[in-house]
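Novice: Just passing along the structure, written as structure tokens.
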Amino acid sequence: MITLTDIAYVRSGVADLDAAIKFATEIVGLELAAPTEAGVAHLRADQRHHCLALVEGPSGVIASGFTVADADALDAAETELERSGLTVRRGSAAEARSRRVREFIGFDDPFGNRIELVSQQESVGRPVAFSRQAGISEFGHLCLDAPDVHEAYRFWSTRFNARVSDWIADAACLMRIDPVHHKLAVFRADGPGLCHMNFQVDTIDDVFRNWHFLQEHNVEIEMGPGRHPQSTAIFLYFLGPEGFTYEYSFGVRRIEDEAGWVPRTFDPAEPGSIDMWLGPITRTVSQPQIRSGQPAGAGLS
Ligand SMILES: [Fe+2]
């Protein structure tokens, strides 16, 4: 059993780096870290050095990162994953530097999502210099795509410490790795990809101020504002460049009584199962996974 201690980052390939940076800063509000590497932009939202890296190149998600406790935990994870038949690759020093981690390993989940486990992700001590006041408090969660959410849960719950918090029938599995209702979710889709990346905001007012701001700037609102009955979070999904969906949300449920929580199942066809406020429901756009082993080194670029 591999213990994931937190989510770490999303690494996304973009054909138009300047446009993607402009959106991530001026629209989403993230801080752009001082450039240190040609073709890579590091975006910051909280104590992490970055939680989103935009990498110039083929468009598509490159990897989703999670932290483990330390170097020994990473070694043990590598052994365990290899023993289970997965191909695991250890990142080079340059690749680890680009991720601001001491060490990392990469592998594909059974559906082709590229996952990276990292040790010692760098923190930055100074306050985040947000590009605009969106009210962001932290990188909240990431959602992956897979054709079978039950198989995905089997993978995440048998190899890792992920536990289901709630099901949206066969459409989604919302999982926790700490008291937060979900830091990882898997949504049903034909192929692997990043369904969305979530940022928590401080207040309900931030959600609605952001909604007006996004509309004024002609950003495509995919869904919301609404409220998920599972996590109780008030959500707003919107579309960034190159098929990358961002989410702001406020008020996610914490599950403090671990033993007492019983996962529930919601039928997505039932009104209110996605949005308690009964707003229009749409399947948000996912950014497809860049399949590893295709372009040279793309899996770990
Ligand atoms: Fe979400």
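Novice: Can you name every residue in region 181-206 that is of a type in the set (Val, Ile, Thr), within 14 Å of the ligand (Cβ to nearest atom) and under 14 Å from Val252 (Cβ atoms)?
Specialist: Val201
Novice: Looking only at region 111-130, count every residue that is under 19 Å from the mean Cα position of the chain (by Cα), buried (at least 16 other Cβ atoms within 10 Å of the Cβ) and not in a strand (DSSP E or B) and tell me the total. Break it down stepwise before answering.
Specialist: Kept after step one, since they are under 19 Å from the mean Cα position of the chain (by Cα), are these residues of region 111-130: 111-123.
With buried (at least 16 other Cβ atoms within 10 Å of the Cβ) added as a condition, the list becomes 111-121.
Still in the running and not in a strand (DSSP E or B): 111-113, 120-121.
Within region 111-130, residues that are under 19 Å from the mean Cα position of the chain (by Cα), buried (at least 16 other Cβ atoms within 10 Å of the Cβ) and not in a strand (DSSP E or B) number 5.
Novice: Only one of these is within 18 Å of Met197 (Cα to Cα), at pLDDT 95 or above, touching a Lys or Arg at 6+ places or on another chain (Cβ under 6 Å) and open to solvent by less than 40 Å² (accessible area, probe 1.4 Å): Ile21, Ile62. Name it.
Specialist: From the options Ile21, Ile62, the qualifying one is Ile62.
Novice: Considering only residues of region 207-233 that are open to solvent by 10 Å² or more (accessible area, probe 1.4 Å) and in contact with a helix residue (DSSP H, G or I) (Cβ under 9 Å, 6 or more places away or on another chain), which is farthest from the ligand (Cβ to nearest atom)?
Specialist: His217
Novice: Do the conditions hold for Ser157, that is, is it within 19 Å of the chain's Cα centre (by Cα) and either away from the ligand (no atom under 16 Å from the Cβ) or in a helix (DSSP H, G or I) (or both)?
Specialist: When the stated conditions are applied, Ser157 passes them.
Novice: Moving on to the next point. Glu242 fails exactly one of the following numbered conditions: (1) open to solvent by 60 Å² or more (accessible area, probe 1.4 Å); (2) more than 15 Å from the ligand (Cβ to nearest atom). What is the number of that condition?
Specialist: So Glu242 meets the others, but not (1).
Let's see how each residue does on (1) away from the ligand (no atom under 16 Å from the Cβ); (2) out of contact with any helix residue (DSSP H, G or I) (no Cβ under 7 Å at 6 or more places or on another chain); (3) within 16 Å of Val10 (Cβ to Cβ):
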| site | (1), (2), (3) |
| --- | --- |
| Val101 | yes, yes, yes |
| Pro127 | yes, yes, no |
| Ser131 | yes, no, no |
| Glu138 | no, yes, yes |
| Cys143 | no, yes, yes |
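Novice: While we're looking at this one, here's another question. Checking Gly260 against (1) open to solvent by 40 Å² or more (accessible area, probe 1.4 Å); (2) under 20 Å from Ala146 (Cα atoms); (3) among the small types (Gly, Ala, Ser), only one condition comes out false. Which one?
Specialist: Unmet condition: (2).
The values are calculated or read from the model by the stated rules, or taken from the named source; none is laboratory data. Keep in mind it's a predicted model, so treat the numbers as computed, not measured. So basically every Cβ, Gly included, is an ideal-geometry build from the backbone, and we count neighbours across all protein chains shown. Just the protein is used for accessible areas: all its heavy atoms, side chains included, with ligands, DNA and RNA removed. Shrake-Rupley method; radii C 1.70, N 1.55, O 1.52, S 1.80 Å.
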